[in-house]
1. Would you mind working out the accessible area per residue for the chain, using a 1.4 Å probe, and quoting it in Å²?
2. Counting only protein heavy atoms and using a 1.4 Å probe, what share of the accessible area of the chain belongs to carbon plus sulfur, as a whole percent?
3. In debye, nearest 20, what is the charge dipole magnitude of the chain about its Cα centre with +1 on Lys and Arg Cβ and -1 on Asp and Glu Cβ, if you could check?
4. Among 102-113, 41-52, how do they line up by average Cβ neighbours within 10 Å per residue, starting with the highest?
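The values are calculated or read from the model by the stated rules, or taken from the named source; none is laboratory data. Remember, predicted model here, so these are calculated numbers, not experimental data. Positions of Cβ are generated from backbone atoms using ideal geometry, with glycine treated the same way; all protein chains shown enter the neighbour counts. Ligands, DNA and RNA are excluded from the accessible area calculation, which covers all protein heavy atoms including side chains. Shrake-Rupley method; radii C 1.70, N 1.55, O 1.52, S 1.80 Å.
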Amino acid sequence: MRLNEISYNDAVPIDGYGTGFFRVGGKRYDGAVLVMPSGVNGWGGFEDTAAVLDHVADIDVLFVGTGAEIAHPPVAFRTVLEDAGIGVETMASPAACRTYNVLLSEGRRVAVALLPV
């Protein structure tokens, strides 16, 4: 088996998660988080689209982690982002973390908004 070292350049991967928190780039964040190419911030949930729209030039796809189970985000949330040209992919938060890390390692222009499990 051949192992390759992954390089994330300046972006930070998601190292782990647990009940109510995420570990990103070695630092713990409690509650919902938004992981963008420019860094990690708290996320205000589905009403908070401004933080994502501020980086519309930096991302192509936003993964949305809806907690322990997959749930549909509000239509207004999805519409605002898609109208700005950002693809929205919804999944449970554990799957969103894994998917974000894989695509980030490939150099893709991705971000992730996560509700805690």
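1. On the way: 6380 Å² over 117 residues.
In whole numbers, the chain has 54 Å² accessible per residue.
2. Numbers: 3250 of 6380 Å².
The value for the chain is 51 percent carbon and sulfur by accessible area.
3. Numbers: 8 positive and 14 negative charges, 81 e Å.
The dipole magnitude comes to about 400 debye.
4. Descending packing order for the listed peptides: 102-113, 41-52.
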